[in-house]
Every structure is written in structure tokens, then in C-alpha cells.
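I'd like to ask some things about the structure below.
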Amino acid sequence: MAIPLVIAPGAVAAPPSVLDAAAVDHYVNGYLERTGLPGAVVAVTRGGEVIRAAGYGHDAEGRPLTAETRMPIASLSKSFTALAVMRLVEAGTVNLDTPVRRYLPEFEAGSPTGVRASSPRPTT
């Protein structure tokens, strides 16, 4: 299985000064070589412009990856959800101390831990 590639700032060499398809290819191929990952599917955007969408390397069965290859994102979706929620918080449309059900009435926690996590923080 290939792994979705999310590169944290400072995790690898500095990104190129010019951001174009060739620079993205060079950067991603170098990253895969340094980390030993078999492949990645990458989309790089700037505003509404797609700079590069491409597959690099191969999956666990040796099939080449393309820009259209579907990749499991697994727990990575939690990070995207957290980012989206925090952007709503910054915009003033969501309050972290408000119960989730105020925004999503159909929400049901799957466990007692989920109930605690979706409840307001205690005030002291």
C-alpha cells in the first residue's frame, strides 16, 4: 500500500523557490527516495489553481500510481476535520465550548469517550 503524502514544514529540505510541476516532481521524488516510501499521490494547489496532480512510484502490488489513483487516507481525515473546525472557530461561526449537537443535531457519540469529547469543557 502506498501512503498518502503529507509533508510537515521542516520535515525535509526547503521547498523550491519556484513552484511549478517540475519543482513538485523533483521535491516528491527526492522525498520518496530519502524515506523509502514506495509511492504517493500528490496534489499541490495555490488558491484555485492546480500546480501539479500526479502519482509517483507504485502501490504494494507494484501497480503504478497516477493522479487518479484512489488512496486510503485513514486517520489523516481527523487532521483535515480539525483544521476545518478551527477555521470555523477563527471565523466566529463555531464555538468549541458549545455541544456538538447544537451544530449537528443528528450526531450520536459511539462511546462514552465520544460523549465526553463532544460535551462542553468544565469551567472552574
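The values are calculated or read from the model by the stated rules, or taken from the named source; none is laboratory data. These figures come from a predicted structure and were not determined experimentally. In this analysis, Cβ positions are derived from the backbone assuming ideal geometry, glycine residues included, and neighbour counts consider all displayed protein chains. Surface areas here come from the heavy atoms of the whole protein model, side chains and all, with no ligands, DNA or RNA. Shrake-Rupley method; radii C 1.70, N 1.55, O 1.52, S 1.80 Å.
What is the percent carbon and sulfur in the accessible area of the range 43-116, measuring with a 1.4 Å probe over the protein chains and ignoring ligands?
Numbers: 3310 of 5780 Å².
Heavy-atom surface of the range 43-116 belonging to carbon and sulfur, 1.4 Å probe: 57 percent.
Still on this structure: Whole-Hz Karplus ³J(HN,Hα) for the range 43-49, in order, using 6.51 cos²θ - 1.76 cosθ + 1.60 and θ = phi - 60°, x for Gly and Pro?
Whole-Hz 3J(HN,Hα) from phi for the range 43-49: 10, 10, 10, 9, x, x, 9.
State whether the range 53-103 is rounded, prolate or oblate according to the following rule on the C-alpha gyration tensor (a ≥ b ≥ c being the square roots of its eigenvalues): a/c under 1.5 gives rounded; otherwise a/b larger than b/c gives prolate, and the remaining case gives oblate.
The shape class here is prolate.
I'd like to compare 19-25, 88-94: which one has the highest average count of other Cβ atoms within 10 Å, and what's the full order after that? Intermediate values should be presented prior to the final figure.
Working: 19-25: 14.3, 88-94: 10.7.
Sorting 19-25, 88-94 by mean packing, highest first, produces 19-25, 88-94.
If you take the Cα atoms of the range 25-115, find Rg, then find the Kirkwood Rh from the mean of 1/r over all pairs, what is Rg/Rh?
1.12
Please calculate how many Å² of accessible area the range 56-102 carries per residue, with a 1.4 Å probe and no DNA, RNA or ligand atoms counted.
So the range 56-102 comes to 79 Å² accessible per residue, rounded to a whole number.
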